[in-house]
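Working notes for the structure below.
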Amino acid sequence: MKKCFLILLALMLMLPTGLFAKEELELGIELTPIGAIGKSSEDTNPQDIDGVQQEPEFFDNWLLSLHSAYSWDFWYASVDAVVMAPWMIRDMTSGMITDPDDPSDEIYFPGIYAPGFLFFFDGGGKIEIGNLVGIGEIGFNWLYIYKGMWKASLGTNLRLGLRYKFTENMSVGLTGTAIFPNFATMFRTIGDSFDTDPLVRQDAADRMKFIPMFAMTLHL
């Protein structure tokens, strides 16, 4: 891994400075199809009092994220906030927990049914080639639930993005986010993806599942 880092650093130093993005502020929105997280509108759309499935609305099929970023020269830092519906918070916080009355036993916790935000705090690099913008970042995430009922880190992120600037101040693109329990697992998975053993590479691909986000970005 140390050798890969040194090679990457050397390539960065040899790249012409014209590939580096100028100092810039970004504001935008991102949309993720809920199918990308293994859900459908039947999971997210509630039933009425007669048990009849309601017609799905737009946000029953898409997750909304708010994007902000700042770049200078090659360097790039971003903060993204995914709007989490109550059903998502419930799914993420439910499961088996230690029984407070009997530490040797476990009980089922049904989860917290409340809205929240999943924040991504990332840093990395950004390169522009013509109208194309390439981004690579790593960072960590933080889950916040309404009124502070729950605050916790879910792990670390690897984010790769490609955008197309159709004007000087507007772009559209696609960002992929893979979430890992910690940085050690992330770097091990990245290293395994370049292993000579095809089974090791396949195992790394299974662990590196990217969640797509379709982005519309304003460049200031």
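Loop-only check: which GluC sites (Glu not before Pro) in the stretch 95-204 are DSSP coil with at most 16 other Cβ within 10 angstrom?
The qualifying sites are E168.
What percentages, rounded to whole numbers, describe P(r) for the stretch 87-163 computed over all alpha carbon pairs with 5 Å bin width beginning at zero?
Bin by bin from 0 Å, the calculated values are 3, 13, 16, 14, 14, 13, 9, 7, 5, 3, 2, 1, 0.
Starting from the Cα gyration tensor of the stretch 50-194, take the square roots of the eigenvalues, sort them a ≥ b ≥ c, and report rounded, prolate or oblate (rounded when a/c is under 1.5, otherwise prolate if a/b is larger than b/c, else oblate).
Verdict is oblate for the stretch 50-194.
Want the number for E24 to T196: 0.36 nm per residue separation, take away the alpha-carbon distance, what's left?
58.0 nm
Any idea of the accessible area per residue across the stretch 131-220, 1.4 Å probe, to the nearest Å²?
In whole numbers, the stretch 131-220 has 55 Å² accessible per residue.
For a distance above 19 Å, tell me the whole-number percent of Cα pairs in the stretch 146-220 that qualify.
Distances greater than 19 Å cover 54 percent of the Cα pairs.
The values are calculated or read from the model by the stated rules, or taken from the named source; none is laboratory data. Owing to the predicted nature of the structure, the values given are computational and were not obtained by experimental measurement. Positions of Cβ are generated from backbone atoms using ideal geometry, with glycine treated the same way; all protein chains shown enter the neighbour counts. Ligands, DNA and RNA are excluded from the accessible area calculation, which covers all protein heavy atoms including side chains. Shrake-Rupley method; radii C 1.70, N 1.55, O 1.52, S 1.80 Å.
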